[in-house]
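Peer 1: Have a look at this one before I ask anything.
The values are calculated or read from the model by the stated rules, or taken from the named source; none is laboratory data. Given the structure is predicted, the values throughout are model-derived calculations rather than measurements. Virtual Cβ from ideal backbone geometry, glycine too; neighbours counted across all protein chains shown.
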């Protein structure tokens, strides 16, 4: 077992234990990495009708158990990314630009509209874009968000100040070294 294709036995073990034991333990039992197990389970859920899913009933708890924890897990996941609730998902920015609405005036979208919109998107994850291309300039970020380069700089300063304050409040000054503050 481990790596490569998923056999019927692997899917049966996944179906039997998913949601009952932690994904990390399940991955160890299957001889696979946790991101691979989450991605396979999510693929099974997305490919199935609720009544025929090999993992059993599709519940909010099941879906939540499949949510990636880190970008390292997420990058191996399906694209377009189905996690529209993720703060790095570009669907809401895309809807804002496409429908020419401000965030305060978002249209009420039912799930089908969001799914259709995501399916048409070329890129769905801001982190994928940054990791593939590298860092953006203040000017490029300003163009993406429709704000000036100076405003991007101001937001960056506020974010760093907030991060510094929170790291010190938590008593973890070593976190500042991680991002060069």
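Peer 1: Of all residues in region 108-146 being loosely packed, with under 14 Cβ neighbours inside 10 Å and not in a helix (DSSP H, G or I), which is modelled with the highest pLDDT?
Peer 2: Among those that are loosely packed, with under 14 Cβ neighbours inside 10 Å and not in a helix (DSSP H, G or I), it is 137.
Peer 1: In region 165-178, what residues are more than 25 Å from the chain's Cα centre (by Cα) and either surrounded by 11 or more Cβ atoms within 10 Å (Cβ to Cβ) or part of a loop (DSSP other than H, G, I, E, B) (or both)?
Peer 2: 168, 170, 171, 172, 173
Peer 1: How many of the residues making up region 15-35 are in contact (Cβ under 8 Å) with a residue 24 or more places away in the chain, surrounded by 15 or more Cβ atoms within 10 Å (Cβ to Cβ) and assigned to a loop (DSSP other than H, G, I, E, B)?
Peer 2: Going through region 15-35 one residue at a time, the tally reaches 2.
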